[in-house]
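Undergrad: Take a look at this one; I'll ask things after.
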Amino acid sequence: MDFLQQDYLLISGGPEEKRRFLDLSCSLLVPGYYNTLLKYNRALKQRNLQIKHDLENSTNHRHLWNDILAKTGIFLMQVRCSLVEKLLEMARLRISQMVQTPIDLHIDYVPSVRRTDTESGFDAFVEKLKETQRREDIFRSTIVGPHRDGLHFLNSGEDMRAFSSQGQIRMAVLSMKLAVIDLMRIDQNAYPVLMFDDAFIEIDKRNTQMILDSLKDYNQCLFTSTSIPDIPFFSLLDETCLYAFPEGT
């Protein structure tokens with residue numbers, strides 16, 4: 001698992017970044033998710049090609065892909081919804097251990113298909129595909145499904161992109177990614193290699209030290225930076241753990 005300087009895009013970036021994080025997390029933590037995602041993407045690609053073919057040839061066969069798209073899509077959305085709740089719980093636990101970090105984190109997963117009390121998720125998905133055919137003709141592609149779902153990060157009920165500092169955003173993102181690692185450890189007894197590339201920019205020294213102290217059980221953690229951070233975690237390392245590459249060599 002890597003922790004990068006540009007990770008803040010999970011909150012500050014577009015919906016593609018958020019869906020990519022969801023898919024990576026679900027693939028790591030939920031058996032069958034990755035294969036189902038591949039099936040969904042193949043069906044989505046074929047249905048989009050069918051939409052364009054229908055428009056060019058005055059046919060209407062896109063419905064042939066509705067069932068497989070709905071079957072796989074509903075599974076993906078259910079897994080995402082469940083995992084977001086678990087990740088939020090673990091992330092909030094980590095944030096509660098921080099010092100001077102007022103973040104009341106909440107995450108809203110917004111699926112593009114919502115079922116009613118009288119229909120199943122599958123039926124709701126298929127019905128939504130039927131309802132949006134005219135808009136599909138305009139965009140020449142499928143406009144509902146997991147590939148269009150949203151993920152909103154809130155701090156005390158406010159959108160973090162507009163109402164939170166860069167430090168708060170980075171802390172929230174770091175807590176979310178560490179929550180994935182925490183769940184891997186709890187559910188799978190897995191301790192992946194962790195790679196940090198200037199990941200603690202705009203996070204104060206005390207919180208950085210606290211985060212690093214929590215990673216001591218991991219077999220391997222790799223850190224890259226233009227300088228050694230001035231915190232006890234690094235100053236106490238044996239010199240054999242440090243490597244310098246002067247002048248770009």
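The values are calculated or read from the model by the stated rules, or taken from the named source; none is laboratory data. Just so you know, these numbers come straight off a predicted model, no measurement behind them. So basically every Cβ, Gly included, is an ideal-geometry build from the backbone, and we count neighbours across all protein chains shown.
Undergrad: Could you look through the range 205-245, keep only residues that are exposed (fewer than 10 other Cβ atoms within 10 Å of the Cβ) and touching a Phe, Trp or Tyr at 6+ places or on another chain (Cβ under 8 Å), and pick out the one that is farthest from Gln168 (Cα to Cα)?
TA: Here the residue is Asn219.
Undergrad: Still on this structure, please answer the following. Do you know which of the residues in the range 173-196 that are of a type in the set (A, V, I, L, M) and not in a helix (DSSP H, G or I) is farthest from Ser12 (Cα to Cα)?
TA: Here the residue is Ala190.
Undergrad: Also, I was wondering about something else. Confirm whether Ser96 is loosely packed, with under 12 Cβ neighbours inside 10 Å and of a type in the set (Gly, Ala, Ser).
TA: Judged against the criteria, Ser96 is a match.
Undergrad: Identify all residues within the range 27-56 that are outside any helix (DSSP H, G or I) and either touching a strand residue (DSSP E or B) at 6+ places or on another chain (Cβ under 8 Å) or loosely packed, with under 13 Cβ neighbours inside 10 Å (or both); write none if there are none.
TA: Across the range 27-56, the qualifying residues are Pro31, Gly32.
Undergrad: Is it the case that some residue within the range 168-184 is surrounded by fewer than 15 Cβ atoms within 10 Å (Cβ to Cβ) and out of contact with any strand residue (DSSP E or B) (no Cβ under 7 Å at 6 or more places or on another chain)? Give the derivation first.
TA: Step one: filter the range 168-184 for residues surrounded by fewer than 15 Cβ atoms within 10 Å (Cβ to Cβ), giving none.
Looking through the range 168-184, none of the residues is surrounded by fewer than 15 Cβ atoms within 10 Å (Cβ to Cβ) and out of contact with any strand residue (DSSP E or B) (no Cβ under 7 Å at 6 or more places or on another chain).
Undergrad: Does Asp117 count as modelled with pLDDT of 95 or more and not polar (S, T, N, Q)?
TA: no
Undergrad: So how many residues does the range 139-172 have that are over 14 Å from the mean Cα position of the chain (by Cα) and part of a loop (DSSP other than H, G, I, E, B)?
TA: Result for the range 139-172: 10.
Undergrad: When residues of the range 202-224 are filtered for being part of a loop (DSSP other than H, G, I, E, B) and closer than 18 Å to Met1 by Cβ, how many remain?
TA: Residues flagged as part of a loop (DSSP other than H, G, I, E, B) and closer than 18 Å to Met1 by Cβ within the range 202-224 amount to 8.
Undergrad: If a residue has to be among the polar types (S, T, N, Q) and either part of a strand (DSSP E or B) or under 16 Å from the mean Cα position of the chain (by Cα) (or both) to count, how many in the range 57-115 make the cut?
TA: Summing the residues that are among the polar types (S, T, N, Q) and either part of a strand (DSSP E or B) or under 16 Å from the mean Cα position of the chain (by Cα) (or both) in the range 57-115 gives 2.
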